[in-house]
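The structure appears below as structure tokens.
The values are calculated or read from the model by the stated rules, or taken from the named source; none is laboratory data. Because the structure is a prediction, the values reported are computed rather than measured. FYI the Cβ positions are ideal-geometry reconstructions off the backbone, even for glycines, and counts take in every protein chain you see. Accessible surface is based on the protein model in full, side chains and every heavy atom, while ligands, DNA and RNA are left aside. Shrake-Rupley method; radii C 1.70, N 1.55, O 1.52, S 1.80 Å.
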Amino acid sequence: MADYRGGAFMMEPVGSRQIFIPEHFTEEQRMMAKTASDFVEKEVVPRAEEIDEMKPGLLPSLIKKAAELGLCSIDIPEKYDGLDQDKATSMLVAEKMAQNGTFSCAVGAHTGIGTLPIVYFGNEEQKKKYLPLLGSGEKLSAYALTEPTAGSDAMSIRTKATLSEDGKYYILNGTKQFITNAGFADMFIVYAKVDGDKFTGFIVDRNAEGITIGPEEKKMGIKGSSTTQIILENVKVPVEDTLYEIGKGHKIAFNILNIGRFKLGIGAIGGSKNLLGYTVKYAKQREQFNTPLAQFGAIKDKLARMTTRIYAGESMAYRVAGLMDESIAKIDKNLPDAQQKIIDAIEEYALEDSIIKVYGSECLDFVADEAVQIYGGYGYTAEYPAEKSYRDSRINRIFEGTNEINRMLIPGTLLKRGMKGQLPLMDYSGKVFKELTSGSIEVQADGVLADAVRAAELAKKATMYSASVAIQKYMANLQKEQEVLIMMADMMIAVYAMDSTLCRVLQLVSEKGADKCAVQIDVANCVVADCADIIATIGRRLLGASASGDELKKHIEAFDRGVPFFAYNTVAGRRNIADRIIEDEKYNL
């Protein structure tokens with residue numbers, strides 16, 4: 001079978017490819033995960049209050065301790081004293097480090113967006129100079145892109161870089177805003193415009209003359225993380241610390257943000273798992289009307305909904321990790337263009353990265369909100385973990401590109417790939433349009449999840465049909481119709497959740513048998529049922545925004561032929577899921 005292309009899930013039949021699933025982690029990967037989990041449980045969680053109080057030196061010292069265990073060199077090549085692990089391992093470690101929002105944010109900023117620009121875009125001298133120090137924790141890094149007037153619109157930064165008369169330095173002037181780790185970082189990845197228009201990356205030493213670090217921001221959540229301004233006044237940066245090429249800083253920024261989105265999404269899933277564990281234990285202990293909360297149907301429903309979202313997010317994220325690893329493994333590292341090929345392999349899944357970022361961050365927000373509700377009044381107090389998680393989770397929908405920006409990127413990226421011939425999008429949409437308008441719909445499936453698979457296949461057709469109507473309506477002006485793009489994205493996210501969950505469970509059933517996967521089958525059915533509702537509701541809204549009168553009625557009639565009606569008892573299914581979680585007192589699927 002041909003290599004998988006990013007976005008192909010919209011066109012390929014459910015289960016047509018084997019995907020990487022968490023059940024396939026190797027023993028080495030599980031050991032790395034345990035090292036990360038044990039470290040956070042022993043070193044970070046007990047000091048959560050001190051971290052939030054910003055005890056001087058505590059957070060950087062914890063990152064350095066993590067580095068001593070190899071947890072900061074996962075993505076660094078062995079040649080530069082790193083562990084050079086695959087993306088699945090990297091994501092698994094990021095997930096396990098997410099038990100504390102502040103620490104996760106700080107260590108993620110250092111190992112991810114603070115280090116990876118050099119891993120992927122640094123020259124040989126820069127890699128030799130910086131990567132061993134970053135991996136060991138001897139130097140800590142921060143990523144300085146955002147400015148007071150440039151957030152989501154990164155290309156509008158105003159920081160300038162001017163070559164000195166002797167040609168030895170670039171002189172930087174400007175202000176960076178909301179920079180994570182800036183209060184203690186030893187170095188910064190800074191973006192500026194050379195000659196006012198060439199977007200370029202630089203490696204900047206904290207001790208360079210002319211750098212001023214602003215006061216710490218007082219934040220709603222992740223209170224213990226360092227977030228400050230960086231003011232650059234005639235800062236001299238040696239030309240050898242220019243990162244990649246002049247005028248090509250956008251390639252660094254956007255590719256690193258893709259990885260950052262990916263890591264943020266799986267970190268949010270890890271935080272969701274952790275909070276679900278606390279919440280189910282509380283629900284078993286707390287009694288009302290002489291009955292543990294966990295025995296009430298309304299509470300079981302909440303626990304099950306939390307669980308199914310986590311399972312879907314986990315399935316989506318590790319599927320992409322496996323795809324990246326599969327692509328990178330095929331690259332001959334000895335080739336002169338090997339690094340560029342690796343960058344291209346990562347960039348291939350930018351669409352899925354945005355989906356995972358959106359889904360993961362909103363999953364954590366949902367889990368945190370439901371946790372507060374289950375804890376009741378206690379959930380609103382700082383004595384219990386729900387309150388802190390509720391505050392800490394909110395920033396994730398803003399980090400790494402707001403969820404609105406990422407939603408608009410999702411359909412936009414799919415359309416660009418279709419127009420370039422990288423995906424058979426036009427042929428598929430034409431086939432779907434013909435099927436739904438004529439009523440000759442072909443969807444075949446069998447086996448234990450046959451109904452769910454049929455529903456997911458219909459969901460793809462319904463999504464493609466309504467999106468096609470919108471595209472025909474707005475044509476070149478589609479990029480200006482943000483509400484329409486966001487609706488298209490929500491439908492695509494629902495499709496990816498269904499597709500990834502079903503792929504995972506179908507593989508488990510084939511490996512273990514249906515009788516040993518009963519709870520996972522319930523999870524898959526519930527995910528499909530929930531996502532089918534999203535497709536049906538948003539699809540009609542999308543058509544309403546793209547047509548009117550008799551034309552709209554005609555499109556609704558065709559769309560309804562593809563709406564995935566899914567007859568499944570979600571109440572019984574969710575009770576079964578909740579019973580498993582209550583018994584295990586944690587997420588253990």
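Here VAL495 does not qualify as more than 27 Å from the chain's Cα centre (by Cα), open to solvent by less than 40 Å² (accessible area, probe 1.4 Å) and under 15 Å from MET11 (Cβ atoms).
Among the residues making up the range 27-57, those that are among the hydrophobic types (A, V, I, L, M, F, W, C), in a helix (DSSP H, G or I) and more than 24 Å from GLN85 (Cα to Cα) are VAL45, ALA48, ILE51.
Table: residues versus (1) in a helix (DSSP H, G or I); (2) aliphatic (A, V, I, L, M); (3) surrounded by fewer than 24 Cβ atoms within 10 Å (Cβ to Cβ).
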position: ALA98; (1), (2), (3): yes, yes, no
position: SER104; (1), (2), (3): yes, no, no
position: VAL107; (1), (2), (3): yes, yes, no
position: THR111; (1), (2), (3): yes, no, no
position: PRO117; (1), (2), (3): yes, no, no
position: PRO132; (1), (2), (3): yes, no, yes
position: ALA142; (1), (2), (3): no, yes, no
position: SER152; (1), (2), (3): no, no, yes
position: GLU165; (1), (2), (3): no, no, yes
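If you filter the range 310-359 down to residues that are under 15 Å from TYR4 (Cβ atoms) and among the aromatic types (Phe, Trp, Tyr), you find that the one that is surrounded by the most Cβ atoms within 10 Å (Cβ to Cβ) is TYR318.
One line per residue, one yes/no per condition, for (1) hydroxyl-bearing (Ser, Thr, Tyr); (2) under 25 Å from LEU323 (Cα atoms); (3) under 23 Å from the mean Cα position of the chain (by Cα):
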site: TYR4; (1), (2), (3): yes, yes, yes
site: MET11; (1), (2), (3): no, yes, yes
site: ILE63; (1), (2), (3): no, no, yes
site: GLU78; (1), (2), (3): no, yes, no
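Considering each of ARG407, ARG417 in turn, give the residue that is over 18 Å from MET306 (Cβ atoms) and either over 14 Å from the mean Cα position of the chain (by Cα) or open to solvent by less than 10 Å² (accessible area, probe 1.4 Å) (or both).
Being over 18 Å from MET306 (Cβ atoms) and either over 14 Å from the mean Cα position of the chain (by Cα) or open to solvent by less than 10 Å² (accessible area, probe 1.4 Å) (or both) holds for just one of ARG407, ARG417, which is ARG417.
In the range 202-215, the condition of being open to solvent by 70 Å² or more (accessible area, probe 1.4 Å), over 30 Å from ASP84 (Cβ atoms) and touching a Lys or Arg at 6+ places or on another chain (Cβ under 8 Å) is met by at least one residue. Inspect all residues belonging to the range 345-365 and state whether any of them is in contact (Cβ under 8 Å) with a residue 12 or more places away in the chain and outside any helix (DSSP H, G or I). Within the range 345-365, one or more residues are in contact (Cβ under 8 Å) with a residue 12 or more places away in the chain and outside any helix (DSSP H, G or I).
Of all residues assigned to the range 340-354, at least one qualifies as being farther than 22 Å from VAL505 by Cβ, out of contact with any His (no Cβ under 8 Å at 6 or more places or on another chain) and of a type in the set (Lys, Arg). The residue list ASP522, ASP490, ASP560 contains one member that is part of a helix (DSSP H, G or I) and modelled with pLDDT under 95, which is ASP560.
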